[in-house]
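K.L.:
First the structure, which I've put down as structure tokens, then a few questions once you've had a look.
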There are 2 protein chains.
Amino acid sequence: MTAEPSQELPAPIDLTHYFSEVAKNKTASPFKAFYKFFGIPGIGNFAGGLPNNNYFPFDTLEGVAALPERFKPTPPTPVKPPKQCADPDAGPRTEGSRVVVPKVSPDPNPLTKIDLKTALQYGDALGLPPLFAWIRKFTLEHLHPNVPYKNGPEVVLTTGNTDGFSKTLEALMNLWREGVDPVEERPGMLVEQYMYTPPAIRAKSYKANIVPVSMDRQGIMASGEGGLEDVLENWDSSHGRRPHLLYTVTIGQNPTGGVVSVQRRKEIYEVCVKYDVIIIEDEPYWYLQYPSANALSIKSRGHPVSEDAQPGCETYGSSGYPFLDSLVPSFLSVDYQGRVVRLDTFSKTIAPGCRLGWITAQPALIEKIYLSTQQTTQQPSGFVQSMVAQLLIGTEGALPPRESFFSSSNKTQNGWKVDGWVRWLEGLRGNYERRMNAMCNILEANKHVVKTGRRRKQTSHHNEQNQSTINTTDDDSEWRHVVKLQIYDFDYPMGGMFTWLHFIYETHPLADKFPHSKLSAAHWVLLTREPYRVLPAPGVLFSANEAIQAASGYQFMRLCFAAVDEAEIEPLTQRLVNGIHAFWAIKKSEEIDELLEESPWMEARLAELTL
Amino acid sequence: MTAEPSQELPAPIDLTHYFSEVAKNKTASPFKAFYKFFGIPGIGNFAGGLPNNNYFPFDTLEGVAALPERFKPTPPTPVKPPKQCADPDAGPRTEGSRVVVPKVSPDPNPLTKIDLKTALQYGDALGLPPLFAWIRKFTLEHLHPNVPYKNGPEVVLTTGNTDGFSKTLEALMNLWREGVDPVEERPGMLVEQYMYTPPAIRAKSYKANIVPVSMDRQGIMASGEGGLEDVLENWDSSHGRRPHLLYTVTIGQNPTGGVVSVQRRKEIYEVCVKYDVIIIEDEPYWYLQYPSANALSIKSRGHPVSEDAQPGCETYGSSGYPFLDSLVPSFLSVDYQGRVVRLDTFSKTIAPGCRLGWITAQPALIEKIYLSTQQTTQQPSGFVQSMVAQLLIGTEGALPPRESFFSSSNKTQNGWKVDGWVRWLEGLRGNYERRMNAMCNILEANKHVVKTGRRRKQTSHHNEQNQSTINTTDDDSEWRHVVKLQIYDFDYPMGGMFTWLHFIYETHPLADKFPHSKLSAAHWVLLTREPYRVLPAPGVLFSANEAIQAASGYQFMRLCFAAVDEAEIEPLTQRLVNGIHAFWAIKKSEEIDELLEESPWMEARLAELTL
């Protein structure tokens, strides 16, 4: 799927029928347009409402930052030798170099100049010019090089994907007022059955219907019962308008860890074409795709996580970087109609506290979001923009740091460049992939409890679901047998930061005595207690609606392997499985009752969630 | 007006009847509530969706920052001796000291801990705890210490006042759909006749009526023709609902430079009580109040700018700082019903690129805006939050900077504290006030042109408006007289960053040959040309609607004295007045025509503005 020559590609379709009233009512601020006149050489500028940049109290911004080779990648992508691969958790103790943003750069070119005079002053909502230009180029040339519509997409900066989503929604959804507006106008948003719920909460501010789509190991299903086509084809208009938005996380899905294959993307996209649905693809974990997930699954279970979804299964071969080429590409790569809105962020690649991300979509929509940016956040903070710009880009011929402040032995770094950035992403992928492996190996080894019992020899001993019987060599008239009961299941995460544990409460000794949602609540409390003292995220938090929460959400817990320090991942996972086994060892109802008494928070959360 | 004992104050009134549908639909994110459990000591945290903070590439954030005494204050507030008052434009060349945010602080108290591990990680939308706590305390104890309702207001951080306004509007205004919703429901926002227009543009996204209120030298008028009461009393419901919001800049009003006195505030407030109007007070220039404006006006013209509006006229005496006490206080100081929403920002006190501000209002409204923050921007960037926190607060017992990077001679600063912050504000006020004086002295001296002519002795020679006749001692039958024609007028700015020049085009030699709006356009073009080459902001940009733009907006230009370097303020102002005089010297229509040919931008802007 190499890009067609641009002139043969169709233009993106007109989406204005989906533009919200607010978006339609937007006009550019005349103030901002005025800024372009500030650049007239020698002009005595009385026009801007700007403070004096000599009065900013910061004379420099600086930092010590990692070299791009700090962390060790995982196979199979070829990488430059990891000359600097230190202890992954060592942080500040490993070698770094200085990143310095001077007050004033002598660079006359606004597209390369990185200084505080510019970055800390007012500016266009597009962002600090060198950073915006770098992100735009990286996005269009390396990240999404093959968007199959004429002239390709445009880019606008955000303060992160939460902001990116809320601006996208402002542009594409109207508020619906209960009792005032006709029910047929109530908007809807399609979501994953198990999902990162804040976008649904935001959409509920507009009184949108939140419409779950069934998932398999990859992510949402295009067809089949509860799949995308099923939901849209059988839409009941008495609940509202057929949903025109799909919100989805397709790489390292939160919470399931799935990765949607290219083949599945094409199927989903065709359904969206048929029903005129806009795809909002939120991908904070995009570069965290784990080829080892399928390998581990085959090794331990004899089958891959997903036949056609392994990362690197298809090489687009045009990003210029083998690592990027090895990754399953964005929905943008199949977006021949311009109906994909892609959200990218630095939250997981640099830090969440950046509050820095960007949206990639067809230009007409980006323009509306740009106008919204003028009227709301304006450009992201100049503190983060200038530091990230200096980290990634560097400045040619910038001032050296003030000598008095540095000993001469310390390097000043002049930008990672795209090579360094991709190398950094590979190193991060390596760190997180090794953590995933370490956690999953322990989970794999502990997913059964062993139950011993006696049974008459005559009894047929077929393997029931979730248990296997091992006959002992005993010449008695009874078999002494050992039953391996499976107490949880999981898929090896193909990407992202999470393992999604599915507990099989049917196999709990008290399965007949309590509703399983109660067992789940008690289980969670036990895990947080000594000596286990671990905090998984309850699955109910990720259920798209109350029905799913009640039907299945309680059966899951989400484990984030990302935040735990590398040295802690094995001992903590072991504490977790010990806690799980301890819970399955409970045979007295009173013990469950006692645990439930101590779950007022959990109960309160559940009550709140069903509001 | 000292605060009453808190128990005697009335509670703020219920504003929920004005909460927008979006605000009413808001619920808290269960994810964010979950964060509080992350703090359980020793817990193995698998719950958060957080990246590992050891993988943030920044090991430190640092900067060289000013000492709070860098700039010299102006009278009359008593200040600590300016031990460090350097050349105000010297910037980096004056003494500074290092501000260092370490990767990890050993401080166990989250309310004082300032480190990258926290600041660059996800966190509650309230903001970085030490910074939020400091801003909240400064706001409630020093900035607005006397808010006369029970338990006082609350505070929420924003990414600046544009964001603060848009979130306030989201909470308090519903979209109106033309042709769908009844006209009586169309919302309205009261604004100043001459205004900073972006908030009006934002409100127009909701299809709001933008309703101008007449102004005098202070700001909007409470009574009189076109004043607040007049507009509200005579509201014609066939245009929409009577406006329930007032957007206003009361200190250093943009563009007029006015300051609304306490007396006027009380009058405006009473009208708002009568008509149930919420006041959105946007005050980026609050600390820039200029006692010298009245003094200069008295000296040159024999009267103050405003009888009751001089800064410092009323001492509230409870902020703890003479400088703060000397300033006209916020509308919050008279807000006994809790109907004021105050927007504060670091944009003019630190730098616009901070994208950091805060809203102060009654708690029920702040809660809605906090929920909006969770769903949109989240907390401001950790880069700016941590650097500003370290600048203002510092850390007790924080790690010293890494010795290897610094020569031992360099001080590391441990926070300005409130004392330093107030001293910094005084220094900034000093810098800007001196600039205002320098500009206005030149404007004052050049506001007339001198016209010579002959007139019969018999003619009565009363002083017409805008001209004075000086008789020469001539014994001819005619007087040879010199007429001083006033070509512009202005009020000495009582605050802020702007002088608002009112041109008297009636006195132009070609006043009868061109519409004065055309003269204004030609004038602007001439000013941008050699040898004048100055860029004032055209008054049409600040007109609240097209009628005002057409009737009077073109007569004004706004001059920002803030951004120009101190050494440049006099020569540039001189170039400006030379340009003005050159324009008044034009006697040939063709010269105006030629200038108008070169004003396509101006014309285009005007065309766009009348859309």
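K.L.:
Where the second residue is modelled with pLDDT under 85 and in a helix (DSSP H, G or I) and the first is assigned by TED's automatic domain parsing to the domain that holds B:LEU116 and lies in region B:90-105, which pairs have Cβ atoms under 7 Å and are six or more apart or on separate chains?
P.N.:
From residues that are assigned by TED's automatic domain parsing to the domain that holds B:LEU116, the pairs are B:LYS103/A:GLY91; B:LYS103/A:PRO92.
K.L.:
Going by the conditions given, is B:ILE13 at pLDDT 75 or above, open to solvent by less than 60 Å² (accessible area, probe 1.4 Å), under 30 Å from A:GLY539 (Cα atoms) and aliphatic (A, V, I, L, M)?
P.N.:
Judged against the criteria, B:ILE13 is not a match.
K.L.:
Could you tell me whether any residue of region A:288-302 is buried (at least 22 other Cβ atoms within 10 Å of the Cβ), farther than 19 Å from A:TRP500 by Cα and at pLDDT 95 or above?
P.N.:
no
K.L.:
Give the residues of region A:495-533 that are aromatic (Phe, Trp, Tyr), away from chain B (no Cβ under 14 Å) and either out of contact with any Leu (no Cβ under 8 Å at 6 or more places or on another chain) or within 30 Å of A:LEU288 (Cβ to Cβ) (or both), sorted by residue number.
P.N.:
A:PHE503, A:PHE514, listed by residue number.
K.L.:
Which count do you get for residues in region A:129-164 that are in contact with a helix residue (DSSP H, G or I) (Cβ under 6 Å, 6 or more places away or on another chain), within 30 Å of B:VAL22 (Cα to Cα) and open to solvent by 10 Å² or more (accessible area, probe 1.4 Å)?
P.N.:
1
K.L.:
Out of the residues in region A:97-113 meeting the condition of being assigned to a loop (DSSP other than H, G, I, E, B) and touching an Asp or Glu at 6+ places or on another chain (Cβ under 8 Å), tell me which one is farthest from the other protein chains (Cβ to nearest Cβ).
P.N.:
Among residues in region A:97-113 that are assigned to a loop (DSSP other than H, G, I, E, B) and touching an Asp or Glu at 6+ places or on another chain (Cβ under 8 Å), the one farthest from the other protein chains (Cβ to nearest Cβ) is A:THR112.
K.L.:
Which of the residues belonging to region B:534-552 are within 12 Å of another protein chain (Cβ to nearest Cβ), within 19 Å of B:LEU596 (Cβ to Cβ), part of a helix (DSSP H, G or I) and not polar (S, T, N, Q)?
P.N.:
B:GLY539, B:VAL540, B:LEU541
K.L.:
Residue check: is B:SER97 open to solvent by less than 30 Å² (accessible area, probe 1.4 Å), modelled with pLDDT under 85 and not aromatic (Phe, Trp, Tyr)?
P.N.:
yes
K.L.:
Being within 21 Å of A:ASP282 (Cβ to Cβ) and open to solvent by 50 Å² or more (accessible area, probe 1.4 Å), is that true of even one residue in region A:219-240?
P.N.:
For region A:219-240, residues within 21 Å of A:ASP282 (Cβ to Cβ) and open to solvent by 50 Å² or more (accessible area, probe 1.4 Å): absent.
K.L.:
Can you tell me which residue among B:ASP325, B:ASP282 is open to solvent by 10 Å² or more (accessible area, probe 1.4 Å), over 30 Å from B:GLY179 (Cα atoms) and at pLDDT 95 or above?
P.N.:
Exactly one residue qualifies, and that residue is B:ASP282.
K.L.:
Suppose we filter region B:16-43 for residues that are at pLDDT 90 or above and either among the aromatic types (Phe, Trp, Tyr) or surrounded by 20 or more Cβ atoms within 10 Å (Cβ to Cβ) (or both); how many remain?
P.N.:
So the count comes out to 5.
K.L.:
Separate question: When you go through (1) open to solvent by 20 Å² or more (accessible area, probe 1.4 Å); (2) in contact with a helix residue (DSSP H, G or I) (Cβ under 7 Å, 6 or more places away or on another chain); (3) at pLDDT 90 or above one by one for A:ARG70, which number turns out not to apply?
P.N.:
With respect to (1) open to solvent by 20 Å² or more (accessible area, probe 1.4 Å); (2) in contact with a helix residue (DSSP H, G or I) (Cβ under 7 Å, 6 or more places away or on another chain); (3) at pLDDT 90 or above, A:ARG70 is out only on (1).
K.L.:
If you take the residues of region A:177-198 that are modelled with pLDDT of 95 or more, open to solvent by less than 20 Å² (accessible area, probe 1.4 Å) and assigned to a loop (DSSP other than H, G, I, E, B), which of them is farthest from A:ALA537 (Cα to Cα)?
P.N.:
Ranking the qualifying residues of region A:177-198, first place goes to A:PRO187.
K.L.:
Okay, next question. Would a scan of region A:330-340 turn up a residue that is in a strand (DSSP E or B) and within 23 Å of B:LYS167 (Cβ to Cβ)?
P.N.:
No.
K.L.:
Is it the case that B:LYS518 is in contact (Cβ under 8 Å) with a residue 60 or more places away in the chain and either among the aromatic types (Phe, Trp, Tyr) or assigned to a helix (DSSP H, G or I) (or both)?
P.N.:
Yes.
K.L.:
If you go through region B:570-589, how many residues are over 16 Å from B:LEU535 (Cα atoms) and assigned to a helix (DSSP H, G or I)?
P.N.:
From region B:570-589, those over 16 Å from B:LEU535 (Cα atoms) are B:584-589; that's our starting set.
If we keep only those that are assigned to a helix (DSSP H, G or I) too, we end up with B:584, B:589.
Counting residues in region B:570-589 that are over 16 Å from B:LEU535 (Cα atoms) and assigned to a helix (DSSP H, G or I) gives 2.
K.L.:
Among the residues of region A:44-63, how many are modelled with pLDDT under 90 and open to solvent by less than 10 Å² (accessible area, probe 1.4 Å)?
P.N.:
Final tally of qualifying residues: 4.
K.L.:
OK, next. How many of the residues in region B:499-541 are in contact with a Lys or Arg (Cβ under 6 Å, 6 or more places away or on another chain), open to solvent by less than 10 Å² (accessible area, probe 1.4 Å) and at pLDDT 95 or above?
P.N.:
Going through region B:499-541 one residue at a time, the tally reaches 0.
K.L.:
Looking at region B:226-241, can you tell me whether even one residue there is under 19 Å from the mean Cα position of the chain (by Cα), more than 17 Å from B:GLU185 (Cα to Cα) and away from chain A (no Cβ under 14 Å)?
P.N.:
No, the conditions are met nowhere in region B:226-241.
K.L.:
Could you please give the count of residues in region A:120-176 that are closer than 23 Å to B:SER372 by Cα and assigned to a helix (DSSP H, G or I)?
P.N.:
Total satisfying the criteria: 12.
K.L.:
Is there a residue being surrounded by fewer than 19 Cβ atoms within 10 Å (Cβ to Cβ) and in a loop (DSSP other than H, G, I, E, B) anywhere in region B:243-252?
P.N.:
no
K.L.:
Only residues that are modelled with pLDDT of 95 or more and either assigned by TED's automatic domain parsing to the domain that holds B:THR256 or surrounded by fewer than 24 Cβ atoms within 10 Å (Cβ to Cβ) (or both): list them for region B:440-456, please.
P.N.:
If the condition is that a residue be modelled with pLDDT of 95 or more and either assigned by TED's automatic domain parsing to the domain that holds B:THR256 or surrounded by fewer than 24 Cβ atoms within 10 Å (Cβ to Cβ) (or both), then B:ASN441, B:ILE442, B:LEU443, B:GLU444, B:ALA445, B:ASN446, B:LYS447, B:HIS448 are the ones that fit.
The values are calculated or read from the model by the stated rules, or taken from the named source; none is laboratory data. In this text the structure is predicted, and so the values were computed from the model without any measurement. Counting neighbours? That spans all protein chains shown, and the Cβs are built from the backbone with ideal geometry, glycine included. Side chains included, ligands, DNA and RNA excluded: accessible areas come from the protein's heavy atoms. Shrake-Rupley method; radii C 1.70, N 1.55, O 1.52, S 1.80 Å.
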